[in-house]
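> Please see the structure below; I have some questions.
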Amino acid sequence: MPERQDYAALYEAHDERIDRIITYFSGKAGLRGDDAEDFASWVKTKLIGDDYAVFRKYQGKSALPTYLVAVIANLSKEYRVARQGRWRPSAAARRKGELAMRLERLVHRDGMRWGAAVEVVRTSGETDLPPQQIERMIAELPPRPPLRPVAVDAEVLEATPASSPGADAAVLDEETETVRARAVQALFAAIGRLPPEDQVALRMKYWDGMKVTDVARGTQRDPKQLFKRLDRVMALLRKDLEAAGVSVETVREMMGGLQS
């Protein structure tokens, strides 16, 4: 039976690979900065804990890197449940499919901002949908109550400052996201009131990124008339958003994003 130092040497030999695996699952969970560092430290503590029990349990039925991937994947789930409570997707998210459930976890479970969640699912290759369409999916998800409070060790409390310079910024970020959620919901409600042919044209131009000439060809409409119609539609949407209580600044930001 290998000695303890042999398991330690085995760990050290695979240290870089372990770091890469942890980084992968950290990114998949949407962890950034200090959260990612905490997760990495927690996983490494688990790997060497109980006299390298993880390595002692390795039976050679698969390559060690493959075994480590499976172990760290399970640790990632354990870490999330231990700190955030067990999460179950809403019925609405389940009806919309895997992408909606993923977005719900990122935004409502992990507290990620909309833009960051959109970036995560696009850069990870989970979808190639345009950002506006992904945001619409987030906006259509039902609000979720916070998970159960998480117990914090006394040592952690002692090491935590009484106040954080980023606390005010975090509150402002949350308020900004709430405003944005309402604005997006108002935008798509306004779009839903448009004639079907206008909705199709908007989707083709702003969601699918098509040129107006291509949209006109695909919908069998005159390009010049379609240009003018889209301008009128954008003006109508702007008025609808303002009537729904969306601030002028937010309207400009959203409509500017559509017109870019």
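The values are calculated or read from the model by the stated rules, or taken from the named source; none is laboratory data. Quantities reported herein were computed from a predicted structural model and do not represent experimental measurements. All Cβ positions, even for glycine, are placed from backbone atoms using ideal geometry, and neighbour counts span all protein chains on display. Please note that ligands, DNA and RNA were not included when accessible areas were found on the heavy atoms of the full protein model with its side chains. Shrake-Rupley method; radii C 1.70, N 1.55, O 1.52, S 1.80 Å.
> Calculate, for Ala53 and Arg32, the FRET efficiency according to 1/(1 + (r/R0)^6) with r their C-beta to C-beta distance and R0 30 Å; round to the nearest 0.05.
My answer for the efficiency is 0.50.
> Can I ask one more? Rounded to the nearest 10 Å², what accessible area does Ile48 have for a 1.4 Å probe in the complete protein model?
Its accessible surface works out to 70 Å², give or take rounding.
> Could you tell me what percent of the accessible area of the range 47-105 is made up of carbon and sulfur, with a 1.4 Å probe and every protein chain present?
Looking at the range 47-105 in its full context, I get 48 percent from C and S.
> State in Å² the accessible area per residue of the range 17-62; use a 1.4 Å probe, count heavy atoms of protein chains only, and round to the nearest integer.
Using a 1.4 Å probe on heavy atoms only, each residue of the range 17-62 averages 62 Å².
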